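Colleague: For reference, the structure I am asking about is given below.
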Amino acid sequence: MKNWFLTYPHISRLILSAFLLAAALIGSGFIHIPFVPVGMLLVILITWLMLRSEGRNLSFLGFDVKLSHLVLIPAGLLLGITSFLLSFYVGTLVRGDHIMVSRMIDGTLLLKEFWRVLPTAAVQDFIIVGYCYVKLIELTNKRNATVMFGLFFICLHDIWGDNIVNDLFYASGLFIGYLMFSTALLRSGSIWLVIGLHWGNNFANSYLFTFTHTTTSWLFISGQQQHNLTVWQAIGLFIALNIGTVSVIAAIKLIWRPKN
């Protein structure tokens, strides 16, 4: 076993890391500590251990307290929220629905849900653009690693239903979303930007801008109907729903230069 690790250092570390991350996620389901995101802490710990075994630390992923990296959290939050808001608005126009502004928002619940979204986003980010992603880049190249983890990101979501066309559109949207996350890491050199993007996008998607009125909705759709769309209309709606993500990818490429 030791010789195998020495002969194939990258692939062996990739396999070991994937196994440990899976074990951590499964194990965290049996550990409940009030107000402690056990799964997130375990995933970060495993990432640190794997990097440490190579003489690296979490700074390799830009996960540190440098001011230049910490400012990426609010930047990512803003970009993530803006990404979904733009897609939400354009998609509503394409469908011919109406956006309503909520007159009353439960601020306490909104703040609670804002923090509740963070651990789930961070766990996924350390899995999809963390240590394993880096090792796969070292094994192959950035393009292959991005495609493979983009497909894996789709598998992390329950997308399959009764309508195969909707499922394929959803899967394609998830892949474009992953391109936003991988681009954020490769350009900024810090996973903090990825976490901010994912955090902001999920929070906006689930609680701020919704398709039905909720107690946390700032904007919601009124009179939403089931539309019988033609193929070209469906393609147009797909483009509209992903315009925010594509715009953020373009913005990231304009703001940050590529990092090794």
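Colleague: Restricting to the range 36-80, and then to whatever is in a loop (DSSP other than H, G, I, E, B) and of a type in the set (S, T, N, Q), can you tell me which residue is modelled with the lowest pLDDT?
Modeller: Per the stated criteria, the residue is S53.
Colleague: While we're looking at this one, here's another question. Given F238, F203, F211, F220, which one is modelled with pLDDT of 95 or more and aromatic (F, W, Y)?
Modeller: Result: F203 is the single residue among F238, F203, F211, F220 that is modelled with pLDDT of 95 or more and aromatic (F, W, Y).
Colleague: Right, next: Specify the residue that is nearest to I81 (Cα to Cα); the eligible residues are those in the range 121-158 that are part of a helix (DSSP H, G or I) and of a type in the set (S, T, Y).
Modeller: T146
Colleague: Considering each of S83, S87 in turn, give the residue that is part of a helix (DSSP H, G or I), closer than 30 Å to E138 by Cβ and of a type in the set (S, T, N, Q).
Modeller: None of the other options fit; the residue is S83.
Colleague: Continuing with this model, one more query. Out of Y178, Y133, report the one residue that is more than 22 Å from H10 (Cα to Cα), modelled with pLDDT of 95 or more and either touching a helix residue (DSSP H, G or I) at 6+ places or on another chain (Cβ under 8 Å) or of a type outside the set (A, V, I, L, M, F, W, C) (or both).
Modeller: Only one candidate qualifies: Y178.
The values are calculated or read from the model by the stated rules, or taken from the named source; none is laboratory data. Quick caveat: nothing in here was measured; it's all calculated off a predicted structure. A quick note on method: Cβ atoms are made from the backbone with ideal geometry, for glycine too, and the neighbour counts reach across all protein chains shown.
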